[in-house]
1. For a Förster distance of 25 Å, can you work out the FRET efficiency between the beta-carbons of Ser121 and Lys330, rounded to the nearest 0.05?
2. For the pair Ser256 and Glu158, how long in nm is the line joining their label points, each one 7 Å along Cα→Cβ?
3. Place the peptides 364-375, 392-403 in order of packing, highest mean first, counting for every residue the other Cβ atoms within 10 Å and averaging per peptide.
4. Using the basic label-point model (7 angstrom from Cα toward the beta carbon), what is the Thr448 to Arg349 distance in nanometres?
5. Please sort 71-79, 103-111 by packing, taking for each peptide the average over its residues of neighbouring beta carbons within 10 angstrom, highest first.
6. What ranking do 447-455, 349-357 get when scored by the average of other Cβ atoms within 10 Å per residue, highest first?
7. Would you calculate the separation in nanometres between label points at Lys89 and Asp436, each defined as 7 Å from the Cα along the Cα-to-beta-carbon direction?
8. So if each residue of separation counts as 0.36 nm, and I subtract the Cα-Cα distance between Gln138 and Gln174, what length gain in nm does that give?
Amino acid sequence: MLTLFGKAHRNGGFCDGVSRRDFLTIGGTLLGGGLSLPSLLAAEGRSGNKTSHRAVINVYLPGGPPHIDMFDLKPDAPTEIRGEFKPIKTNVPGIEICEHFPLLAKMMDKFAIIRSLVGSSGDHDAYQCMTGRPRTPQNVGYWPSLGAWVSKVQGAVEPSIPPHLTLMYRTGEQRWGYPGEGGFLGLSHSPFRLAGGKGALGSDNMVLKGVTLEQLHDRVGLMKAFDSIDRSVDKSGVMDGMDTFNQQAVDILTTSKLKDALDLSKESPEVLARYGVDNSDFERDGAPRMVRNFCAARRLVEAGARVVTLNFSRWDWHGPDGKNFVQGKKDMPLLDKAVTALVTDLHERGLDKDVTVVVWGEFGRTPRINKDSSRDHWPQLSCALLAGGGMRTGQVIGASNRLGEHATERPITHQQIFATLYHNLGINLSNVREFDPNGRPQYPIDPTTEALRELV
């Protein structure tokens with residue numbers, strides 16, 4: 001078994017005192033543990049539809065971005081509600097957004113805003129944005145994420161590119177770095193981690209430091225020898241096909257396609273400039289401000305990925321000294337630049353019909369400003385931003401009351417957004433059913449939930 005370790009979070013670990021490291025394991029089952037690339041590839045080989053390549057880029061904003069300061073401003077509300085930020089007009093008549101999103105305002109016709117997202121669990125957790133369901137003691141480690149379902153149903157587009165990839169950094173608040181799991185679909189459908197330490201992409205996972213290609217093949221030979229022991233007791237014939245998948249696992253490390261997709265030096269300087277400049281420092285217990293990861297996500301879907309997730313900065317701003325507005329002035333322009341550069345790239349490359357982008361956080365923020373001139377947690381209402389996927393953009397879906405407290409028109413749930421994402425991926429949910437280890441039939445979302453008619 002060959003294990004390649006990445007660097008820990010820059011603070012040296014999490015609150016439990018355990019150092020967290022990204023790892024990639026190549027090998028058989030005898031030595032145990034880890035996510036095995038061969039089993040990932042084997043599962044992809046068993047998957048069904050490979051006739052299309054549609055994709056989702058899921059951008060998670062850890063901490064709860066303030067809906068009322070970003071995409072649902074209330075300029076006519078009392079001072080203690082409306083806050084410091086002013087709305088600006090967009091290129092779609094009647095739609096206004098925060099002044100700190102000037103680039104998005106100029107291309108609002110390529111976006112759709114949901115102002116009535118309800119049903120948040122209220123926890124500081126990426127779980128609901130990855131799975132469409134609130135975290136419960138029963139479904140932790142059990143329920144598959146969006147990417148896991150897509151990996152299972154559609155499989156790989158390209159053998160050397162896993163269909164389910166994540167650029168999410170492991171964070172001090174561990175739930176802000178949660179990229180989803182394979183759940184009852186199996187570890188083979190869990191996300192393939194690409195984010196290393198200190199903002200690096202891929203270098204810790206993809207580069208075999210001090211190991212030559214010949215040595216790698218020697219180690220693979222040793223691994224096969226151990227596998228032969230498993231074969232001697234295997235009565236099902238499952239092991240017979242593992243040689244092929246072991247070779248594919250080596251191909252991921254020894255071919256250039258995945259590594260090239262992560263190599264932003266291969267991107268034109270003009271395109272990279274659109275995204276802005278990366279800041280690899282972790283924002284406290286959140287993620288770093290890696291704006292060019294949005295470009296990396298686009299390059300990954302071009303290379304063959306079906307679902308790519310990423311986390312960006314830290315949006316938990318209810319500290320003292322008006323931090324909500326201080327931090328908003330820093331992070332909103334960065335998000336503005338990164339997400340508009342991504343959507344511009346998709347349109348310029350003719351990918352706007354095939355690639356869906358969703359940007360959201362775990363909940364919204366209190367309409368009323370607190371004693372520290374900031375906003376507290378507000379799971380009753382939040383917003384989401386969508387683009388691409390061949391959707392009908394240039395519109396706002398839903399509305400809130402005059403104080404931004406609750407939805408008054410078209411309440412939208414996470415399940416409905418996930419239904420829309422599956423629809424855009426070309427997955428007919430009426431044909432998808434998997435059995436969990438207890439033999440119970442399970443579906444990606446509630447079978448009665450439909451995609452958003454306004455968009456599709």
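1. Numbers: r = 28 Å, r/R0 = 1.10.
FRET efficiency, Ser121 to Lys330: 0.35.
2. According to this spin-label approximation, the distance is 1.2 nm.
3. Details: 364-375: 20.7, 392-403: 17.6.
Descending packing order for the listed peptides: 364-375, 392-403.
4. Spacing of the two 7 Å Cα→Cβ label points: 4.1 nm.
5. 103-111, 71-79
6. Details: 447-455: 15.6, 349-357: 19.2.
The most tightly packed comes first, giving 349-357, 447-455.
7. In this crude spin-label approximation the distance works out to 5.3 nm.
8. Numbers: separation 36, 0.36 × 36 = 12.96 nm, distance 1.89 nm.
Computed gain between Gln138 and Gln174 is 11.1 nm.
Read-outs: derived from the displayed coordinates by stated rules, not from any lab. Keep in mind it's a predicted model, so treat the numbers as computed, not measured. Because the Cβ atoms are built from the backbone with ideal geometry, glycine has one as well, and the counts that use them run over all protein chains shown.
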